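The values are calculated or read from the model by the stated rules, or taken from the named source; none is laboratory data. Note that this is a predicted model, so its numbers are computed, not measured. Neighbour counts run over all protein chains shown; Cβ positions are idealised from the backbone, glycine included.
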Amino acid sequence: MPNPIFDAMNSRPPQLDIIQQYNSFRQDPFTFLLKTKGIDIPQQYRNDPQGAVTYLLNSGQMSQEQLAYIKSMAQRYGFNI
């Protein structure tokens with residue numbers, strides 16, 4: 001008889017582990033965001049970080065609170081944004 005608790009404890013979660021996620025993001029951040037979060041940034045903003053952020057805010061894909069959180073996390077890890 002299968003034991004769902006044992007199966008859950010010993011199975012790998014469906015999400016990528018953090019190192020794989022980081023590597024995937026570094027390799028192609030726009031595809032990563034689209035696949036994992038459903039966030040799509042038009043091609044015209046892909047080399048314009050400020051334009052991309054403005055697009056995300058204006059399109060409702062990101063809130064001011066989310067932006068503030070991202071900025072605080074980046075600063076915590078030594079990025080000056």
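Note down all Cβ pairs under 6 Å where the first residue falls in segment 34-58 and is farther than 15 Å from residue 81 by Cβ, the second is hydrophobic (A, V, I, L, M, F, W, C), and they're at least six residues apart or on different chains.
If the second residue must be hydrophobic (A, V, I, L, M, F, W, C), the pairs left are 39/33; 40/34; 41/30; 41/52; 45/52; 46/30.
Looking at (1) assigned to a loop (DSSP other than H, G, I, E, B); (2) modelled with pLDDT under 90; (3) among the hydrophobic types (A, V, I, L, M, F, W, C), can you tell me which one residue 5 breaks?
Result: residue 5 passes all but (1).
Within segment 31-61, work out how many residues are under 20 Å from residue 21 (Cα atoms) and either touching a Pro at 6+ places or on another chain (Cβ under 6 Å) or not small (Gly, Ala, Ser) (or both).
The number of residues fulfilling the criteria is 11.
Scan segment 29-43 and give yes if some residue there is surrounded by 10 or more Cβ atoms within 10 Å (Cβ to Cβ), among the aromatic types (Phe, Trp, Tyr) and within 10 Å of the chain's Cα centre (by Cα), otherwise no.
yes
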